[in-house]
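The values are calculated or read from the model by the stated rules, or taken from the named source; none is laboratory data. Values in this document were obtained by computation on a predicted structure and should not be read as measured data. Positions of Cβ are generated from backbone atoms using ideal geometry, with glycine treated the same way; all protein chains shown enter the neighbour counts. Note: areas computed on protein heavy atoms with side chains; ligands, DNA, RNA excluded. Shrake-Rupley method; radii C 1.70, N 1.55, O 1.52, S 1.80 Å.
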Amino acid sequence: MSKNTVQDGLVVSMDYRLTVDGEVLDSSDDEGPLQFLAGYDNIVPGLEREMIGMKIGEKKEVVVKPEEGYGEFDEEAFMDVPRTEFPEDLKLEEGMELHLTNEDDQPQAAYVTSFDDQTVQLDFNHPLAGAELHFNVTVVALREPTKEELDHGHVHEEGHHH
Ligand code: ZN
């Protein structure tokens, strides 16, 4: 198979801009191209699917619906947790992101909606849940992953190791 197009198992470098409701939320302008390992759920599924088959240098505008982005906003995804469940020295702030573990031992992010001395209300929706995502992407480069990257299912960029 030709390795000149975006396909599962290749590391893709892309320039991108993410716009939601006309506001640019994120882009590669400051940090340079983003790398991801295609086929390993490194990016939202709706974007990855549209990028499969793109060539180096190719640009594309992709609109991703919530169900293929960060999910629909779920009114039920709020939970009240006793303050005692959290470390005493944890300084809570509204909107802060917490990294928790769910019943299946999977990492899960939650956001503090409100809190008092007794109770902390958590929101398990992703901040972009319910949003239609507009991506402008350009494929900058493609390469084979290292064996370690393939084993881990993600890219090891310089200075980052998981
Ligand atoms: Zn790793």
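Descriptive notes on the structure:
- At R0 = 22 Å, FRET efficiency that the Cβ-Cβ distance of E103 and K65 yields, to 0.05: 0.15
- Considering only E61, E103, E93, the mean-square fluctuation computed in a Gaussian network model of the chain, springs between alpha carbons under 10 angstrom, is largest for E103.
- Per residue value of the accessible surface for the chain (all protein chains in place, 1.4 Å probe), Å²: 65
- Near the amide H of V140, within less than 5 Å, lie the amide hydrogens of S13, M14, D15, G57, all on another chain or at least 5 residues away, with H placed in the peptide plane.
- What the phi angles of the range 49-54 give under the Karplus curve with 6.51, -1.76 and 1.60, with θ = phi - 60°, is a coupling list of 4, 6, 8, 4, x, 5 Hz, glycine and proline written as x.
- Comparing mean-square fluctuations of E67, E149, E94 from a GNM of the chain with C-alpha springs under 10 Å, the top value falls on E94.
- Qualifying trypsin sites (Lys or Arg not before Pro) for the range 15-108 [loop in DSSP, other Cβ within 10 Å: at most 10]: K91
- Integer Hz, Karplus 6.51/-1.76/1.60 couplings in order for the range 63-73, x for Gly and Pro: 9, 10, 6, x, 5, 10, x, 9, x, 6, 6
- In Hz, Karplus ³J(HN,Hα) per residue of the range 33-39 (6.51, -1.76, 1.60; θ = phi - 60°; x = Gly, Pro): x, 8, 9, 9, 8, 5, x
- Cα-based shape type of the chain, given that a ≥ b ≥ c are square roots of the gyration tensor eigenvalues and the cut on a/c is 1.5: prolate
- Accessible surface of the chain [probe 1.4 Å, protein heavy atoms]: carbon and sulfur percent: 45
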